[in-house]
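Structure, as structure tokens:
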Amino acid sequence: MQTAPAVDAAPRVSRPQFFARAIEGTWLAAAFLVPLLVMHEEWMVGFIQMPKVFALRSLAVVLVILLAFEWAFTTSGGGPTKLDIVGLARRSWGNVRTHAARLVVFAAASVLLSIFISLLFSPVKSIGVWGIDPGWDTYGLFNVIPYLLYFAVVAVRVRSRAQIERLVWTLTATSILISIYGIGQHWGTDPFRSNPVLVDRVGLTFGNPIFAAAYLLMTIPLTLGLFMSYKNRVSPIAHVWIGSGLITLQLTAFTFTFSRGPWVGFMVGALVFTLAFAFVLGWRQMRRPAAIFGVALAFVVLMNAIPVQEAPESNPTFGQTVGSIAPDVAGGLNNRWTIWKTALDVYTTIPWVDTEQYPEIPELSVRWLRPIVGYGPDMFGYAYPLAGDTVYTRELASHGHNFIIHNLIEIGLLGVSAYIFLFAATGIMLYRLLRNARKGAYPDWFSYLVVAMTSILVARAVEQIPGKAQIADLHLMWMLVAFVVALVAI
């Protein structure tokens with residue numbers, strides 16, 4: 001009796017572990033350095049922003065090099081892999097097409113595609129590629145590609161609880177260090193300035209209170225979600241005290257920014273955190289995170305009460321601070337309404353420079369297509385002054401102070417639709433995870449992080465209504481969207 005010939009097993013693929021560890025170390029280094037890095041003001045122009053841009057791009061290059069080396073040293077069936085671009089593309093497409101979070105991946109790809117299309121129709125393509133100044137933080141393609149690279153690597157590579165904890169602890173440690181620096185600024189201590197002075201609103205390592213608050217807005221819920229997983233590892237008292245300690249420094253620095261837009265976003269996010277937590281784990285389980293946050297809030301009130309001797313007016317009571325939110329939001333919205341109205345005038349009327357008077361400026365071709373594709377990446381600062389007749393709008397505003405309005409001008413309705421698709425797809429994934437967590441499909445540590453990410457998504461959306469996204473919070477946003485993809489895959 002003859003036996004059937006044996007079927008050869010699929011070739012075994014082997015990748016050196018060194019490169020996997022180095023790749024993870026690189027994205028963790030980016031998560032740590034991009035928000036934290038700042039130089040002394042005497043050492044360089046742009047002492048706050050340029051080091052962050054350098055870290056973002058340099059580490060992105062390191063990632064590409066490591067990925068290339070990993071591929072080069074990957075073996076298949078005992079021998080080196082062959083250069084098979086078509087096969088690699090086919091396998092990648094197959095993996096994406098069957099991935100549970102493919103909607104998020106498609107949305108991220110649509111954002112990149114919309115930027116490319118807008119760039120093709122941009123009247124000044126060099127600005128669309130490099131930004132207004134290649135060395136600074138911009139919305140040009142040169143700065144957007146690193147965001148998407150970190151997104152892709154984190155989404156594909158994070159596959160274990162240990163990796164998740166390393167990433168979230170890195171973000172937590174970074175935000176705590178940044179917060180300590182910001183608290184020092186509140187009392188006039190700033191080692192990166194030659195003549196530090198007391199400031200009413202701290203900018204931390206971001207140079208702007210709005211950017212600082214936008215970053216902490218996302219790390220505070222993540223820290224709480226992370227530390228909730230230690231609930232059964234320590235005593236209840238230790239858990240509350242240590243957890244509140246981690247939150248207190250971030251929450252104090254967040255308060256000292258006095259950035260009302262992020263405050264409103266944080267309040268909405270806190271409400272979402274509470275409702276999502278109760279939805280998944282029940283109201284009784286809400287007592288522990290409520291205790292942690294309550295103790296942290298009490299410490300924030302005490303920190304806010306410490307007098308600033310040289311400038312007592314810079315140290316309002318906590319009640320005065322909270323009470324100022326509504327009127328200050330109203331005042332801030334008045335200024336932003338002027339920006340929004342003028343930007344929408346630009347969007348609907350499509351003005352452009354008189355090229356007969358200024359022949360060195362290119363013509364604005366296919367005007368009828370501009371509402372769809374925009375003026376091009378990083379072109380807001382050039383298009384905005386062409387409309388409006390108020391004193392405020394004659395200033396060269398570089399940002400629309402609203403994520404949607406800003407992108408309507410630069411990458412048009414196509415780009416805005418892509419970002420809305422990204423937000424909606426991420427929200428759908430989180431809703432599915434919440435629903436499965438409610439059924440007990442996941443361990444508690446996983447459910448805590450899903451709740452935290454849901455809170456962050458909503459808070460970020462609210463904050464960006466009057467906000468301005470910049471390098472550190474944009475980088476963090478893309479990494480957290482990738483984090484959602486990884487949670488779905490796990």
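The values are calculated or read from the model by the stated rules, or taken from the named source; none is laboratory data. Owing to the predicted nature of the structure, the values given are computational and were not obtained by experimental measurement. Backbone-built Cβ (ideal geometry, glycine too); neighbour counts: all protein chains shown. SASA here: full protein model, heavy atoms, side chains in, ligands and nucleic acids out. Shrake-Rupley method; radii C 1.70, N 1.55, O 1.52, S 1.80 Å.
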Say whether the condition of being free of Cβ contacts under 8 Å to residues at least 60 places away in the same chain and exposed (fewer than 15 other Cβ atoms within 10 Å of the Cβ) is met by at least one residue in segment 245-267. yes
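When you scan segment 425-441, do you find a residue that is among the small types (Gly, Ala, Ser) and within 17 Å of the chain's Cα centre (by Cα), even just one? Reasoning before the result, please.
Restricting attention to segment 425-441, the residues satisfying the condition of being among the small types (Gly, Ala, Ser) are 425, 427, 437, 440-441.
With within 17 Å of the chain's Cα centre (by Cα) added as a condition, the list becomes 425, 427.
Checking segment 425-441: at least one residue is among the small types (Gly, Ala, Ser) and within 17 Å of the chain's Cα centre (by Cα).
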Filter result (open to solvent by 60 Å² or more (accessible area, probe 1.4 Å), charged (D, E, K, R) and under 12 Å from Val124 (Cβ atoms)) within segment 356-386: Glu360, Glu363
Evaluate the following for Phe318: is it modelled with pLDDT of 85 or more and open to solvent by 20 Å² or more (accessible area, probe 1.4 Å)? no
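Would you mind stating whether Ser417 is hydroxyl-bearing (Ser, Thr, Tyr) and under 24 Å from Ser259 (Cα atoms)?
Criteria not met by Ser417.
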Which numbered condition Gly135 fails, given (1) over 18 Å from the mean Cα position of the chain (by Cα); (2) in a helix (DSSP H, G or I): (2)
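Taking segment 95-132 on its own, how many of its residues are of a type outside the set (Gly, Ala, Ser) and either open to solvent by less than 10 Å² (accessible area, probe 1.4 Å) or part of a loop (DSSP other than H, G, I, E, B) (or both)? Show your work before the answer.
As a first pass, look at segment 95-132 and keep what is of a type outside the set (Gly, Ala, Ser): 95-99, 102-106, 111-113, 115-117, 119-121, 123-125, 127, 129-130, 132.
Next, only the ones that are either open to solvent by less than 10 Å² (accessible area, probe 1.4 Å) or part of a loop (DSSP other than H, G, I, E, B) (or both) stay: 99, 104, 111, 115, 121, 123-124, 132.
Qualifying residue count, segment 95-132: 8.
Pick out the one residue from Gly412, Gly400 that is surrounded by 19 or more Cβ atoms within 10 Å (Cβ to Cβ), in contact with a helix residue (DSSP H, G or I) (Cβ under 7 Å, 6 or more places away or on another chain) and not in a loop (DSSP other than H, G, I, E, B). So that I can check it myself, show each step before the final result.
On the way: Gly400 fails: not in a loop (DSSP other than H, G, I, E, B).
None of the others qualify; the one that does is Gly412.
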Residues of segment 25-77 satisfying the condition of being among the acidic types (Asp, Glu), surrounded by 15 or more Cβ atoms within 10 Å (Cβ to Cβ) and either part of a loop (DSSP other than H, G, I, E, B) or free of Cβ contacts under 8 Å to residues at least 12 places away in the same chain (or both): Glu41
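Can you pull out every residue in segment 213-231 that is of a type in the set (S, T, N, Q) and assigned to a loop (DSSP other than H, G, I, E, B)?
Taking segment 213-231 first, the residues of a type in the set (S, T, N, Q) are 219, 223, 229.
Ser229, the sole residue that qualifies.
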Checking Val458, Val488 in turn, the sole residue that is assigned to a helix (DSSP H, G or I) and at pLDDT below 95 turns out to be Val488
